[in-house]
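Peer 1: Please see the structure below; I have some questions.
The values are calculated or read from the model by the stated rules, or taken from the named source; none is laboratory data. Everything quoted here is computed from the prediction, not taken from an experiment. When we count neighbours, we look across all protein chains shown, and the Cβ atoms used for this are built from the backbone with ideal geometry, even at glycine.
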Amino acid sequence: MLEPTHGVTLASIYAARKRIAGQVARTPLIRSQMLSERFSAEVFLKLETCQPTGAFKLRGATNMIAALIEQHGHDALAKGVTTASTGNHGRAVAYAAARLGVPATICLSQLVPANKVAAIEALGATVRRVGRSQDEAFEEVARLVDEEGMTLIPPFDDPLIAAGQGSIGLELLEDQPALDRVLIGLSGGGLLGGIGAALKGIRPSIQVTGISLSQGAAMWESLQAGHPVEVEEVESLGDSLGGGIGLDNHCTFALVREVMDDHYQVSEAAIANAMVDILEHEKLLVEGAAAVGLAALVEHGLDIRGQKVALILSGNGVSLETFDQARRLAER
Ligand SMILES: *Cc1c(COP(=O)(O)O)cnc(C)c1O
């Protein structure tokens with residue numbers, strides 16, 4: 001059989017699952033009484049908020065670092081791994097590297113607030129403050145890779161990253177073998193691509209629905225254009241869904257195109273309402289990016305009557321200040 005160009009296979013997802021077992025949480029899938037009644041369906045929530053770093057990105061980062069150790073030996077990573085991310089991916093790389101005994105350097109711009117820097121340092125990583133933007137932090141990452149022999153752990157665009165996130169799909173089907181549909185937040189596409197590849201590989205009839213922001217959604221614009229394009233980043237409650245997909249994208253663009261059935265955009269107000277609903281009725285604090293599945297069900301009036309549907313609560317990286325903004329927006 002021909003290898004798919006994106007390099008993600010069901011076998012690579014099973015291998016990831018095995019590799020990361022014991023290093024990351026096998027998260028619960030809970031039935032939501034409130035949402036099941038509201039939509040006359042069986043609605044389940046996959047709690048990636050239960051990961052030790054508060055988001056699913058730990059799966060991909062752990063899989064990639066562990067696979068590199070397996071392939072090249074621990075010494076090949078002696079110079080360490082690196083990335084540039086203030087958010088869930090930065091925490092994931094810091095945590096995964098520490099667990100696997102590899103040094104990690106996370107590059108952050110000088111504008112990143114001290115509490116976020118401290119949070120990454122507390123996970124055992126070295127933080128390097130450089131430049132005044134995320135782009136300048138990335139230039140430093142490229143330099144560390146080229147000149148200091150560090151290894152880049154990218155946030156989504158790598159078959160090992162997507163396969164790690166795909167382990168969520170295997171867990172979903174173990175817990176609910178008769179799932180009809182899964183709604184997944186979509187930015188760079190590691191999460192949707194990995195889960196979609198797992199689900200389609202096992203049961204192709206499962207509907208895979210992607211949800212993007214209504215502005216600054218690079219994957220949405222790229223799918224429309226038929227090739228990766230750049231978009232301007234916009235502030236959002238779903239900040240973990242911001243950012244580009246890379247003009248040189250070599251994995252997730254093709255993967256998402258292959259496994260996604262339908263795709264919606266959601267407004268800030270819909271995200272805000274969904275965040276508040278999930279806190280009020282499920283007693284779960286989630287970030288905006290994790291609330292987009294519910295936001296799409298409501299804003300687009302998706303008909304899921306009689307279906308078994310899972311929403312991926314992808315992370316809880318939200319400050320009380322940001323949650324407060326969501327609350328004020330939801331009250332309007
Ligand atoms: C990164 C992230 C996403 C999107 O994942 P991609 O692989 O970039 O599509 C969704 N939710 C949260 C909480 C994230 O951190």
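Peer 1: Give me the residue from the stretch 304-332 that is among the basic types (Lys, Arg) and within 28 Å of residue 86 (Cα to Cα) and, out of that set, surrounded by the fewest Cβ atoms within 10 Å (Cβ to Cβ).
Peer 2: Among residues in the stretch 304-332 that are among the basic types (Lys, Arg) and within 28 Å of residue 86 (Cα to Cα), the one surrounded by the fewest Cβ atoms within 10 Å (Cβ to Cβ) is 328.
Peer 1: Counting only residues that are at pLDDT 95 or above, buried (at least 19 other Cβ atoms within 10 Å of the Cβ) and farther than 23 Å from residue 183 by Cβ, how many does the stretch 223-248 have?
Peer 2: 1
Peer 1: Return a yes/no flag: does the stretch 56-69 have any residue that is within 16 Å of the ligand (Cβ to nearest atom), among the aromatic types (Phe, Trp, Tyr), at pLDDT 95 or above and in contact with a strand residue (DSSP E or B) (Cβ under 9 Å, 6 or more places away or on another chain).
Peer 2: The answer is yes; a qualifying residue exists.
Peer 1: When both residues are 6+ apart or on different chains and their Cβ atoms are under 7 Å apart, which pairs have a first residue that lies in the stretch 93-112 and is farther than 17 Å from residue 150 by Cβ and in the same structural domain as residue 80 (by TED's automatic domain parsing), and a second that is among the acidic types (Asp, Glu) and surrounded by fewer than 22 Cβ atoms within 10 Å (Cβ to Cβ)?
Peer 2: As it stands, the answer is 109/136, since those pairs meet every condition given.
Peer 1: Among the helices (runs of 4 or more DSSP H) confined wholly to the stretch 1-88, which include 3 or more residues that are among the β-branched types (Val, Ile, Thr)?
Peer 2: In the stretch 1-88, the matching helices (runs of 4 or more DSSP H) lie at 57-72.
Peer 1: Ok, one more. Got a number for residues in the stretch 247-294 being within 14 Å of the ligand (Cβ to nearest atom), within 15 Å of residue 327 (Cβ to Cβ) and assigned to a helix (DSSP H, G or I)?
Peer 2: The qualifying residues number 5.
Peer 1: Let me ask another. Which condition from (1) at pLDDT 95 or above; (2) of a type outside the set (Phe, Trp, Tyr); (3) in contact with a Phe, Trp or Tyr (Cβ under 7 Å, 6 or more places away or on another chain) is the one that residue 123 breaks?
Peer 2: Among (1) at pLDDT 95 or above; (2) of a type outside the set (Phe, Trp, Tyr); (3) in contact with a Phe, Trp or Tyr (Cβ under 7 Å, 6 or more places away or on another chain), residue 123 violates only (1).
Peer 1: If you don't mind, there's one more thing I want to ask. So for the stretch 189-201 (the condition being in the same structural domain as residue 49 (by TED's automatic domain parsing) and free of Cβ contacts under 8 Å to residues at least 40 places away in the same chain), does at least one residue qualify?
Peer 2: no
Peer 1: Only one of 180, 146, 135, 157 is in contact (Cβ under 8 Å) with a residue 60 or more places away in the chain, more than 11 Å from the ligand (Cβ to nearest atom) and not basic (Lys, Arg). Can you tell me which?
Peer 2: Every option except 180 fails the conditions.
Peer 1: Could you say which residue among 215, 207 is surrounded by fewer than 22 Cβ atoms within 10 Å (Cβ to Cβ), of a type outside the set (Gly, Ala, Ser) and within 17 Å of residue 309 (Cβ to Cβ)?
Peer 2: One residue alone meets the criteria, 207.
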